């Protein structure tokens, strides 16, 4: 826990340097600290160090971890960055301030209905599968404009921007550029892209939000338990 404050500062310093190198205002990029699989004590350490924006992949994990933290730190902002199933929409709307993973009209419809019922309106980002990977969530880039229009016009959702997770292998730059282009032509201000292995590159290509986990909290608990002999995921797959 004692390293979290130092690691947060190191990430923020790298973000500032990347923004300045790209001629951008360092304040233009928001750090989303990805706390999935890490305990509430780790989140509290980050909160104590001044971090206020967090990302979680699973609704149930966040529901167990964050209500007390939100009560203690009312300015905490929580993002859902993992896939959302329709049967978790009610809990997601109640807990999250930003839902980054909307990728289909049916989900948009469910969210719109629940927001109307609950009177709570989280911000929405659409996830774009820039690499067209069959195993990955996200709308196909060719269908992204249509999904933006459906969400706005049919379901009246508060669409703020786009999110992507580039393929683990290869150059992420074309994917960052594609996401920024889709956002620009739809008048969307938020572009969530870049993780622990490539966030400086993402900032150079217009990211407004970067999602960083392992560079702040270290390896996920289950990754540590598996040990280094099994290798683990490619760094760019890890927030």
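The table below lists the values:
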read-out	value
Antiparallel bridge percentage (DSSP; both residues within the chain; nearest 5)	0
Bridge type composition, the range 1-118 - antiparallel percent by DSSP, nearest 5	0
The chain, relative contact order [Cα under 8 Å, separation at least 6], %	20
Dimensionless Rg/Rh of the range 22-93 - Kirkwood Rh, Rg from C-alpha atoms	1.02
Using a Förster distance of 30 Å, the FRET efficiency for residue 177-residue 120 (Cβ separation, nearest 0.05)	0.30
Cα-based convex hull volume of the range 74-132 per residue, rounded to whole Å³	82
Hypothetical label at residue 25: residues of the range 173-191 whose amide nitrogen lies under 16 Å (7 Å Cα-Cβ projection)	189-191
Calculated [θ] (222 nm, deg cm²/dmol) that DSSP helices of n ≥ 4 give over the chain, each run adding -39,500 (n - 2.57)	-12000 deg cm²/dmol
Sequence-separation-based contact order of the range 83-188, relative, with Cα cut under 8 Å and 6+ spacing, percent	26
For peptides 72-81, 4-13, sequence by mean Cβ density within 10 Å, most packed first	72-81, 4-13
Peptides ranked, highest mean first, by Cβ atoms within 10 Å: ranges 26-38, 203-215, 134-146	203-215, 26-38, 134-146
Stokes-Einstein translational diffusion, the range 106-191 - Kirkwood Rh over all Cα pairs, 1.567 mPa s, 4 °C, in µm²/s	96
Solvent-free Debye scattering, log10 I(q)/I(0), computed from the Cα coordinates of the chain at q = 0.12, 0.13, 0.17 Å⁻¹	-0.65, -0.77, -1.35
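Just so you know, all these numbers are worked out from the coordinates, no wet-lab data involved. All values derive from a computational prediction rather than experimental measurement. Note that each Cβ is placed from the backbone with ideal geometry, even for glycine, and that neighbours are counted across all protein chains shown.
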